[in-house]
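Undergrad: Next up is a structure, given as structure tokens.
The values are calculated or read from the model by the stated rules, or taken from the named source; none is laboratory data. If you're wondering where the values come from, they're calculated on a predicted model, not measured in any experiment. Neighbour counts run over all protein chains shown; Cβ positions are idealised from the backbone, glycine included. To get the accessible areas, we keep the full protein, side chains included, count just its heavy atoms, and leave off ligands, DNA and RNA. Shrake-Rupley method; radii C 1.70, N 1.55, O 1.52, S 1.80 Å.
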Amino acid sequence: MSKNSPKELLEMAREAKKFAYNPYSKFRVGAALVTKEGRIFTGCNVENVGFTSTICAERTAICKAVSEGYRDFVEIAVTSDLKDEIVTPCGVCRQTLSEFGSNIKVYCSKSDLCFEEFTLKELLPRAFENNHLESFQATVKNTLA
């Protein structure tokens, strides 16, 4: 668990949001991801004219952490410029986070950093996980045998 409070992590996410590259949607998002070791990686969204090439803030933070050898995540804080409602990770980010565990705490906030806390399992209760792929591969193997 992080030595930082959720509010402090959300402040880091808000700071990361300032670097968002969002010329098309104008929707800025920042994230702060905490490893089991307490290391914090921040990220912002980076848009592309080919929208499928866009990468969200959460996945930016994940890629930074993984590229430096970290795989065990315990918390992530996410914020945007939304004033009237919290921002939550999109489906792709939820699925990407689930690769690293379903018990990750997720702090989702409004622009003023009022937040709600969830576990990833609450946000993505039936994630597609590696055991599904293993089960499928065993089925294929048995079918071909």
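Undergrad: So if I place +1 on the C-beta of Lys and Arg and -1 on the C-beta of Asp and Glu, and nothing else carries charge, what would the dipole magnitude of the range 66-145 be about its Cα centre? I want it in debye, nearest 20.
TA: Numbers: 8 positive and 13 negative charges, 76 e Å.
Value, rounded to 20: 360 debye.
Undergrad: If all Cα-Cα distances of the chain are sorted into 5 Å bins from 0 onward, what percent lands in each bin, rounded to whole numbers?
TA: Each 5 Å bin holds this share of Cα pairs: 2, 11, 19, 21, 19, 12, 7, 4, 3, 2, 1, 0.
Undergrad: Using amide H atoms built 1.01 Å from N in the peptide plane, name the residues 5+ places from Thr54, or on other chains, whose amide H lies under 5 Å from its own.
TA: Result for Thr54 returns Asn48.
Undergrad: Note down the magnitude of the dipole of the chain about its Cα centre, charges +1 on Lys and Arg C-beta and -1 on Asp and Glu C-beta and zero elsewhere, to the nearest 20 debye.
TA: Taking the Cα centre of the chain as origin, the dipole is about 180 debye.
Undergrad: Still on this structure: Does the range 103-145 come out rounded, prolate or oblate by the C-alpha gyration tensor, with a ≥ b ≥ c the root eigenvalues, rounded set by a/c under 1.5 and, if not, prolate when a/b is larger than b/c and oblate if not? Walk me through the intermediate numbers first.
TA: On the way: a/c = 6.69, a/b = 5.44, b/c = 1.23.
The shape class here is prolate.
Undergrad: Residue by residue through the range 104-109, what is 3J(HN,Hα) from phi via Karplus (6.51 cos²θ - 1.76 cosθ + 1.60, θ = phi - 60°)? Round to whole Hz and write x for glycine and proline.
TA: 4, 7, 10, 9, 10, 10
Undergrad: A further question on this structure: Counting alpha carbon pairs within less than 8 Å and at least 6 residues apart, what relative contact order, in whole percent, applies to the chain?
TA: Details: 296 pairs, mean separation 28.1, N = 145.
Relative contact order for the chain comes out at 19 percent.
Undergrad: Using a Gaussian network model on the chain with a 10 Å cutoff between Cα atoms, which of Ser111, Ser53, Ser80 fluctuates the most?
TA: Ser53
Undergrad: Which value in deg cm²/dmol, rounded to the nearest 500, describes the helix-derived mean residue ellipticity at 222 nm for the chain, given -39,500 (n - 2.57) per DSSP H run of n ≥ 4 and division by the residue count?
TA: Numbers: 5 runs with 50 residues, N = 145.
So the calculated ellipticity at 222 nm is -10000 deg cm²/dmol.
Undergrad: Output the antiparallel fraction of DSSP beta bridges having both residues in the chain, as a percent to the nearest 5.
TA: The answer is about 80 percent antiparallel.
Undergrad: Send over the semi-axes of the range 64-116's equivalent ellipsoid, whole angstrom and largest first, taken as the square roots of 5 times the C-alpha gyration tensor eigenvalues.
TA: 23, 11, 10
Undergrad: For the chain, set up a Gaussian network in which alpha carbons nearer than 10 Å are linked by springs, and say which option among Phe73, Phe115, Phe51 fluctuates the most.
TA: Its mean-square fluctuation being the largest, the pick is Phe51.
Undergrad: Give me the percent of the accessible area of the chain that comes from carbon and sulfur atoms, probe 1.4 Å, all protein chains in place.
TA: 54 percent
Undergrad: Further, regarding this structure: Taking the alpha-carbon distance from Lys105 and a cut-off under 16 Å, which lysines remain once sequence neighbours fewer than 8 residues away in the same chain are dropped?
TA: Hits, sequence-local ones excluded: Lys3, Lys7, Lys36, Lys121.
Undergrad: A follow-up question, please. Tell me, what is the per residue accessible area of the range 1-133 in Å², probe radius 1.4 Å?
TA: 54 Å²
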